[in-house]
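See below for the structure under consideration.
Just so it is clear, none of the values below were taken in a lab; they were calculated from the coordinates. Not measured: the values here are computed from a predicted model. Cβ atoms come from the backbone with ideal geometry, glycine included; neighbour counts cover every protein chain shown.
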Amino acid sequence: MARSAGELGRAAALALAAVVATACAETTSWSGDGGCNSVACDVSCRDLGYDFGWCVDDRCACSDLGPDAEPPPCDAVACQSYCVGMGAERGACRGADCLCEPSLDADAGGDTDDDGAGETPADEGLDGGDGEVADDAPPGECSPGETGTQSCGTHCGTQSRTCAPGGTWGDWGGCADSGECGPGETQSEGCGTRCGSRSRSCNGSCAWDGWSSCGGEGSCSSGDTDASDCDRCSQKVCQGDCSWGACELRPGSACEWWSGTHWRCCGTGSWQFCLSSCVWSTACASCTGCGC
């Protein structure tokens, strides 16, 4: 059965691990003064006649791949170098697998079964299996020029980012296209002429719903007057909270008439009465026992 690029990556891992652990005859390793560079390591190993080169613990390991190897963590740079060196156009990491495009299964070697070598099962692919990715899958985390968007802020805003030429996402831009309000937010305002109020709420689309009907109105409009239940010389005035105040003299009235019974002292033993015209009488009358 032909092996996928993921299986080849597994083979590389075990062989490389053998360099450090067992130093088997099929591998060799060295360390330069400047540490290990994965690309330079792979090129150098191929020049020496090995199948593959990989950095392990800052050391360059060369190996001929064995059939029972296990996968290392996939390194994007080393994967690209490996796949191009094996004749593919490019390589990309998918989980722990290094996948080459086009597939290397056709010429990777090894035994093949009669039921079709190199075919990828329908349930294998980007989910972490050993299957290859589709020929049209981008080699990186995104396709260059692709645009991604996401929601942001509290007013249904959006922000975007663009995939760079190298196949990696750029930074998110600023939050834009915000709505009028935040979902669940409420507003209220006065309405009518009697101190009423109304309200509205912000919906899930970050837009205001319509105003409610005017409610909570008082019994009068501020500044209104009412003479009912008051003396003929008095009236009630509507207060700032749209409620009626107590009876008070009308403008121009000097006194309340009280049906001719309202009087006051105007000297010793003298009194005067409030007239129906809402003014005090000009003459003082003598009184006995009035307390004046």
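Does at least one position in segment 195-205 carry a residue that is under 30 Å from ARG250 (Cα atoms) and among the small types (Gly, Ala, Ser)?
yes
Could you list all residues from segment 183-192 that are part of a loop (DSSP other than H, G, I, E, B) and charged (D, E, K, R)?
GLU185
Filter segment 177-211 down to the residues that are out of contact with any strand residue (DSSP E or B) (no Cβ under 7 Å at 6 or more places or on another chain) and over 29 Å from THR154 (Cβ atoms) and list them by number.
Passing the criteria: GLY192, THR193, ARG194, CYS195.
Kindly check whether there is at least one residue in segment 188-197 that is among the hydroxyl-bearing types (Ser, Thr, Tyr) and under 27 Å from the mean Cα position of the chain (by Cα).
Among the residues of segment 188-197, at least one is among the hydroxyl-bearing types (Ser, Thr, Tyr) and under 27 Å from the mean Cα position of the chain (by Cα), which makes the answer yes.
For segment 160-178, enumerate the residues that are in contact with an Asp or Glu (Cβ under 9 Å, 6 or more places away or on another chain), among the hydrophobic types (A, V, I, L, M, F, W, C) and more than 18 Å from ARG90 (Cβ to Cβ).
Listed by number, the list holds a single entry, TRP169.
Scan segment 175-182 and tell me whether some residue there is exposed (fewer than 15 other Cβ atoms within 10 Å of the Cβ), aliphatic (A, V, I, L, M) and outside any loop (DSSP other than H, G, I, E, B).
Yes, there is a match, as at least one residue in segment 175-182 is exposed (fewer than 15 other Cβ atoms within 10 Å of the Cβ), aliphatic (A, V, I, L, M) and outside any loop (DSSP other than H, G, I, E, B).
Taking strands (runs of 3 or more DSSP E) that fall entirely within segment 228-292, which contain at least 2 residues that are over 30 Å from CYS195 (Cα atoms)?
By residue number, 263-267, 270-273.
Scan (1) surrounded by 15 or more Cβ atoms within 10 Å (Cβ to Cβ); (2) touching a residue at least 40 places away in the same chain (Cβ under 8 Å) for the single condition CYS238 breaks and write down its number.
The single condition CYS238 does not satisfy is (2).
State whether one or more residues within segment 212-235 are surrounded by 16 or more Cβ atoms within 10 Å (Cβ to Cβ), within 30 Å of HIS155 (Cα to Cα) and touching a residue at least 24 places away in the same chain (Cβ under 8 Å).
Looking for residues that are surrounded by 16 or more Cβ atoms within 10 Å (Cβ to Cβ), within 30 Å of HIS155 (Cα to Cα) and touching a residue at least 24 places away in the same chain (Cβ under 8 Å), one finds none in segment 212-235, hence no.
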